[in-house]
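Note sheet for the following structure.
The values are calculated or read from the model by the stated rules, or taken from the named source; none is laboratory data. These numbers were taken from a predicted model, which means no experiment stands behind them. Here the Cβ positions follow ideal geometry from the backbone for every residue, glycine too, while neighbour counts run over all protein chains shown.
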């Protein structure tokens, strides 16, 4: 993905065509809509949430089209796929190396910069240590952080590196929207032809 975000207003059909082509994909309007959506800002969304957001913007796409194109964008490296709190697949517009911190109360996910151990990314360090201990060849080490935020007045000093508005300090105050999103998608699926 490009190092700077391109806003959808600034992203022409030609820009979308070129970016998709650079990543081995052909242009289609649904792909361009989805690409523009992800380039607006860093986000973590399910296919269902993306489908609803595109519908709200007036784009006529089916849920199956969203799933197919998310898989194509993920395979091409334009979005990153990971598992959320309850195992649902989420798609991340940030394709740089990073970890996810998932709030166990709400399912909210935030990006955490790569953590280094002995000058190596922590996943590489764990991979090498586990291979040395087990003799196994590990293909893909993953690190997922889960928890709940501390009250803001008791957060440790190290949190200063996470921008204030990116700290999920109030995630325990809210509630998960996964069920509501699912119910809304089911309603839309019955109203909209595939």
Of everything in the range 69-88, what is farther than 24 Å from residue 12 by Cβ and not in a loop (DSSP other than H, G, I, E, B)? Give them in sequence order. 71, 75, 80, 81, 82, 83
From the list 109, 161, which residue is outside the structural domain of residue 45 (by TED's automatic domain parsing) and modelled with pLDDT of 85 or more? 109
Looking at the range 110-119, can you tell me whether even one residue there is part of a helix (DSSP H, G or I), without any contact (Cβ under 8 Å) to a residue 40 or more places away in the chain and either closer than 28 Å to residue 147 by Cβ or in contact with a helix residue (DSSP H, G or I) (Cβ under 8 Å, 6 or more places away or on another chain) (or both)? no
When you scan the range 87-104, do you find a residue that is over 24 Å from residue 16 (Cβ atoms), at pLDDT below 95, in contact with a helix residue (DSSP H, G or I) (Cβ under 6 Å, 6 or more places away or on another chain) and surrounded by 15 or more Cβ atoms within 10 Å (Cβ to Cβ), even just one? no
Unmet criterion (only one of (1) under 18 Å from the mean Cα position of the chain (by Cα); (2) at pLDDT below 95) for residue 72: (2)
Listed residues 26, 57, 17; which is surrounded by 14 or more Cβ atoms within 10 Å (Cβ to Cβ) and either outside the structural domain of residue 113 (by TED's automatic domain parsing) or over 12 Å from the mean Cα position of the chain (by Cα) (or both)? 17
Step by step: first the residues of the range 120-145, then only those that are surrounded by 15 or more Cβ atoms within 10 Å (Cβ to Cβ) and within 21 Å of the chain's Cα centre (by Cα), then the one that is nearest to residue 87 (Cα to Cα). Which residue is that? 141
